[in-house]
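Right, one structure below, let's go through it.
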Protein chains: 2
Amino acid sequence: MAKNLKLKSARAAMDLSQKDLAEAVGVTRQTVNAIELGDYNPTIKLCTAICKTLGKTLNDLFWEDDINAN
Amino acid sequence: MAKNLKLKSARAAMDLSQKDLAEAVGVTRQTVNAIELGDYNPTIKLCTAICKTLGKTLNDLFWEDDINAN
DNA sequence: ATTGAATGTAAAATATATTTGACATTATGG
DNA sequence: CCATAATGTCAAATATATTTTACATTCAAT
């Protein structure tokens with residue numbers, strides 16, 4: 001899976017560390033790190049919580065138009 | 001937990017049964033049923049697959065219908 | 001009234017998301 | 001430099017998403 005640079009960038013725009021964001025949404029730092037690195041398939045509730053904390057929507061941070069262009 | 005009526009309606013609009021949708025996205029009928037009934041916290045990958053099958057986006061089908069915690 | 005498709009539900013098992021604890025590396029400021 | 005925050009990574013444990021199997025109900029058309 002690709003890195004989630006949109007998430008990383010939105011987090012940076014709010015001046016939050018991975019740890020800050022993790023605490024805000026109630027998960028561990030490792031989970032946020034893994035999501036940004038793209039190793040992960042998080043739950044929709046976690047994605048939604050992250051979006052709300054960062055003032056973004058699911059489409060903003062988690063929608064990929066690019067899968068399987070054919 | 002709130003039912004996902006937007007999903008149910010989008011599926012109906014494509015004339016797909018829960019079983020049809022489940023097969024299209026590679027999960028079981030029970031999983032699709034549970035998501036529509038709102039018992040569930042599916043993964044983002046599954047939500048994305050459902051959206052693509054139904055010609056909708058994450059915001060269309062999964063934004064703001066369950067605000068509940070883990 | 002009966003058949004069959006679609007849906008709702010549930011318990012136990014499996015797969016995987018997430019945690020815990022730890023250590024390494026890369027910034028960044030003092 | 002030195003210290004410390006921030007990030008990357010990993011193995012083992014726990015929590016939970018999903019499957020499997022099974023049965024009940026609803027509803028549309030015989």
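Below is a table of values for the structure above.
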quantity	calculated
Ascending list, in nanometres, of distances separating the A:Gly55 label from those of the other copies (7 Å, Cα toward Cβ)	3.6
Out-of-range pairs (alpha-carbon distance over 21 Å; input A:Lys52/B:Lys45; B:Lys8/B:Lys52; A:Lys6/A:Lys56; A:Lys52/B:Lys52; A:Lys8/B:Lys6)	A:Lys52/B:Lys52; A:Lys8/B:Lys6
Magnitude of the charge dipole, the range B:5-62, Cβ model with Lys/Arg +1 and Asp/Glu -1, debye to 20	80 debye
Calculated label separations, A:Thr28, copies of the chain, 7 Å along the beta-carbon direction, nm	2.9
Highest-MSF residue in chain A out of A:Thr31, A:Thr53, A:Thr43 [GNM, Cα springs under 10 Å]	A:Thr43
For B:Ala13, inter-copy label distances in nm, listed shortest first [label point 7 Å out on the Cα-Cβ vector]	2.8
Backbone N within the range B:1-29 under 18 Å of label point (7 Å from A:Lys52 Cα along the Cβ vector)	B:1-5
Within a Gaussian network of chain B (alpha carbon springs, distance under 10 Å), most fluctuating of B:Ala49, B:Ala13, B:Ala34	B:Ala13
Estimated dipole of the protein assembly as shown in Debye, rounded to 20 [Cβ of Lys and Arg +1, of Asp and Glu -1, Cα centre]	80 debye
Prolate/oblate/rounded call for the range A:5-62, Cα gyration tensor, a/c under 1.5 rounded	rounded
Prolate/oblate/rounded call for the protein assembly as shown, Cα gyration tensor, a/c under 1.5 rounded	prolate
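Each reported figure results from applying straightforward, stated rules to the coordinates on display, with no laboratory input. Quick caveat, the model's predicted, so the values are computed rather than measured. Because the Cβ atoms are built from the backbone with ideal geometry, glycine has one as well, and the counts that use them run over all protein chains shown.
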